[in-house]
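The values are calculated or read from the model by the stated rules, or taken from the named source; none is laboratory data. None of the values given here were measured: they were computed from a predicted structure. Backbone-built Cβ (ideal geometry, glycine too); neighbour counts: all protein chains shown.
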Amino acid sequence: MSWKLHWGTLAFVCAYAGLVAGVLLLVVPALGWLSGLAILAGTTAYAMMATNLFLAIRRPILEKLFGPLDRVYNAHRRIGTIILGAIGLHLVLIPIASAVDRGESLLDTLTVAIPLGVLGTLVLVGSIVLALNTKVPYDRWQKVHMATGFAFLVLTAHMVSGASQWFSLVSPLGGLLGCFALLGAGSLLVRVADKARGAVPHVVVETLQRERGVEVAMRPEGSRRIPPHRPGQFVFLTATADGARETHPFTLTSAGGEERVSVLIRSSGDWTGHVQTGLAVGDRVRVEGPFGSFTPPVGAGAPQHQVWVAGGAGITPFLSVLRTAERAPDVAEPSRRQVELLIAARDASDVPCWEELSTFARNMPWLTLTPAFSAVSGRLDGDAVDRLIKSKPRGTAWYLCGPAGLTAMVQRRLGQESGAQRQVYRELYEWRAGEMNAPVKHP
């Protein structure tokens with residue numbers, strides 16, 4: 001964990017601790033424990049909404065504060081789930097606390113705060129539920145999920161009008177909530193401005209058919225450029241296919257630092273299926289990034305022994321690393337560096353750029369290409385992974401990218417093996433399901 005990640009997280013931990021302290025010192029002594037718990041649930045939900053708006057701005061500052069953007073998005077999704085619980089607790093406790101601690105019914109003191117709270121809650125809960133439901137089409141989810149910004153503004157009005165009945169807004173607790181309100185509103189403005197401005201415009205200059213997919217090469221159009229990328233990083237690509245304009249994350253397959261960038265698109269839904277046949281040379285797209293830190297190293301300072309495990313489109317970060325190394329053949333010392341690339345697939349026709357990968361293995365003495373083809377030698381299972389682990393020396397670094405089931409199985413096996421210290425970096429690219437991309441280290 002980097003210091004920047006530590007201090008970014010620490011700042012928010014201190015802010016949430018301040019909320020708890022404010023409620024304990026101001027609300028509980030004046031109104032009682034039920035009221036305190038009800039207010040704490042509501043203020044926590046509101047603060048988390050502001051936090052999630054900040055975590056969605058797609059700016060480099062997020063990676064500087066919290067680490068890779070894929071890890072940030074994982075936190076964003078988990079916080080959304082916690083918000084549902086906090087709001088539910090607030091809704092249950094507020095009328096009870098009002099009756100028990102204050103001796104009055106909310107209906108007897110009906111204010112504008114109640115309808116604002118109901119409206120904001122309905123919009124927010126609906127948006128979060130759709131975000132967590134992977135059966136909802138991606139394009140519909142993207143549009144509906146933007147409603148969280150509207151919900152935040154409505155619930156800000158609810159907080160200002162309703163909280164003043166329970167504690168002073170000029171108190172330290174009110175001031176802290178004001179800071180969260182500014183954070184959320186500012187983040188919302190940034191997202192709106194970014195959408196209006198758009199990502200960096202690119203034009204498609206080449207489309208190459210790959211196994212079960214298409215590799216799309218793009219050049220910047222105009223004076224704007226994305227920062228030079230490190231091999232293994234990803235971007236958000238916005239393109240129109242079959243009349244639908246959507247934004248999706250894709251790992252860059254081009255060599256690091258190139259102005260001309262490329263991504264591999266495989267069919268994982270209606271939009272990606274249409275892009276494979278509908279995106280043509282000359283089409284205009286937009287690129288935002290690069291992001292991420294899943295960047296397997298082969299240069300100076302890299303671990304002497306590495307194992308890369310790829311499945312499906314999980315080959316893309318490794319492809320970018322190898323293309324970068326090909327342009328700088330002295331980047332890895334053949335006598336010292338040893339990298340084994342293990343590819344899990346049905347057969348060679350299921351592996352993007354298989355011939356190119358085979359050429360890399362022939363020309364790079366430090367690279368070993370190991371196919372694990374289920375149609376030829378059986379599926380890569382736990383026993384095979386155990387044998388592979390036992391054959392590797394102490395200090396081997398493991399990089400895992402592919403379907404969640406595959407990478408989770410390998411990670412579990414690595415965790416079960418005792419003895420030598422290992423570095424395990426795992427990237428998951430199912431952005432709306434399960435654990436997000438997050439480098440994980442096991443002792």
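Quick look at the values:
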read-out	value
Filtered residues of region 208-223 (kept if out of contact with any Pro (no Cβ under 6 Å at 6 or more places or on another chain) and modelled with pLDDT of 90 or more)	Glu215, Val216, Ala217, Met218, Arg219, Pro220
Residue count, region 213-233 (criterion: under 21 Å from Val281 (Cβ atoms) and either buried (at least 17 other Cβ atoms within 10 Å of the Cβ) or among the acidic types (Asp, Glu) (or both))	8
One residue from Pro231, Pro220 being touching a residue at least 12 places away in the same chain (Cβ under 8 Å), in contact with a His (Cβ under 6 Å, 6 or more places away or on another chain), over 30 Å from Arg102 (Cα atoms) and not assigned by TED's automatic domain parsing to the domain that holds Gly126	Pro220
Filter result for Leu93 (in the same structural domain as Gly22 (by TED's automatic domain parsing) and modelled with pLDDT of 90 or more)	yes
Residues of region 237-282 that turn out to be in a loop (DSSP other than H, G, I, E, B) and farther than 21 Å from Pro352 by Cβ, as a count	5
Close pairs (8 angstrom Cβ cut-off, 6 or more residues apart or separate chains): without any contact (Cβ under 8 Å) to a residue 60 or more places away in the chain and within 28 Å of Glu356 (Cβ to Cβ) in region 366-394, surrounded by 12 or more Cβ atoms within 10 Å (Cβ to Cβ) and aromatic (Phe, Trp, Tyr) anywhere	Leu367/Phe360; Leu369/Phe360
So Arg219, is it assigned to a strand (DSSP E or B) and among the basic types (Lys, Arg)	yes
Residue identified as under 24 Å from the mean Cα position of the chain (by Cα) and either modelled with pLDDT under 90 or assigned to a helix (DSSP H, G or I) (or both) among Gly103, Gly88, Gly120, Gly80	Gly80
Matching residues, region 240-261, being modelled with pLDDT of 85 or more and over 26 Å from Gly67 (Cβ atoms)	Thr240, Glu259, Arg260
Qualifying residue in region 170-182 (condition: polar (S, T, N, Q), at pLDDT 90 or above and more than 27 Å from Val123 (Cβ to Cβ))	no
Thr43 vs. criteria buried (at least 20 other Cβ atoms within 10 Å of the Cβ), of a type outside the set (Phe, Trp, Tyr) and either in a helix (DSSP H, G or I) or in contact (Cβ under 8 Å) with a residue 60 or more places away in the chain (or both)	yes
Answer residue from region 343-362, given it is surrounded by fewer than 21 Cβ atoms within 10 Å (Cβ to Cβ) and at pLDDT 90 or above and is nearest to Val307 (Cα to Cα) among those	Ala361
Neighbours by Cβ (under 6 Å, 6+ apart or cross-chain): first from region 159-174, closer than 13 Å to Ile94 by Cβ; second modelled with pLDDT of 80 or more	Met159/Tyr46; Gly162/Ala113; Trp166/Ile39
Filter pass, Thr272 being of a type in the set (Val, Ile, Thr), in contact with a Gly (Cβ under 8 Å, 6 or more places away or on another chain) and either within 22 Å of Pro317 (Cβ to Cβ) or touching a residue at least 40 places away in the same chain (Cβ under 8 Å) (or both)	no
Test result for Val27, buried (at least 19 other Cβ atoms within 10 Å of the Cβ), within 17 Å of the chain's Cα centre (by Cα), among the β-branched types (Val, Ile, Thr) and not assigned by TED's automatic domain parsing to the domain that holds Gly232	no
Test result for Arg260, surrounded by fewer than 16 Cβ atoms within 10 Å (Cβ to Cβ) and not assigned by TED's automatic domain parsing to the domain that holds Leu400	yes
